[in-house]
1. Using a 7 Å offset from the Cα along the Cα-to-Cβ direction at both CYS11 and LYS24, what is the distance between the two label points in nm, to one decimal?
2. When only DSSP loop residues count, what GluC sites (Glu not before Pro) in the chain have their Cβ near at most 16 other Cβ atoms within 10 Å?
3. Keeping to pairs on different chains or 8 or more places apart, tell me how many lysine pairs in the chain have Cα atoms under 21 Å apart.
4. For the chain, what is the largest minus smallest coordinate of the Cα atoms on each principal axis, given in angstrom and ordered from greatest to least?
5. If Lys and Arg each add +1 and Asp and Glu each add -1, what is the summed charge of the other residues whose beta carbon sits under 9 Å from the beta carbon of THR14?
Amino acid sequence: MKLFEEKCPRCNATLDVKTQPGSKKIIVKACPAGHYEKEFHPALETYIETYKVS
């Protein structure tokens, strides 16, 4: 059990970290199935969450 593992709210899969070639400060975590995406923007000090609707 990992304490700081983030999960997809829809399928409960562990989120993968995606790399951004243009920005190394923005951290993007996404569901492997494409249901959910979470971005952290340090300049804004906020998270942006995106739910994919099929």
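1. Going from the CYS11 label point to the LYS24 one covers 3.2 nm.
2. Of the GluC sites (Glu not before Pro), the ones in loops of the chain whose Cβ has at most 16 other Cβ atoms within 10 Å are GLU5, GLU6, GLU45.
3. Close lysine pairs found across the chain: 15.
4. Principal-axis extents of the chain (Cα, largest first): 31, 30, 20 Å.
5. Residues near THR14 contribute -1 overall.
Since every read-out is calculated from the coordinates, none of them should be taken as a lab result. All of these numbers come straight from a predicted model, not from anything done at the bench. When we count neighbours, we look across all protein chains shown, and the Cβ atoms used for this are built from the backbone with ideal geometry, even at glycine.
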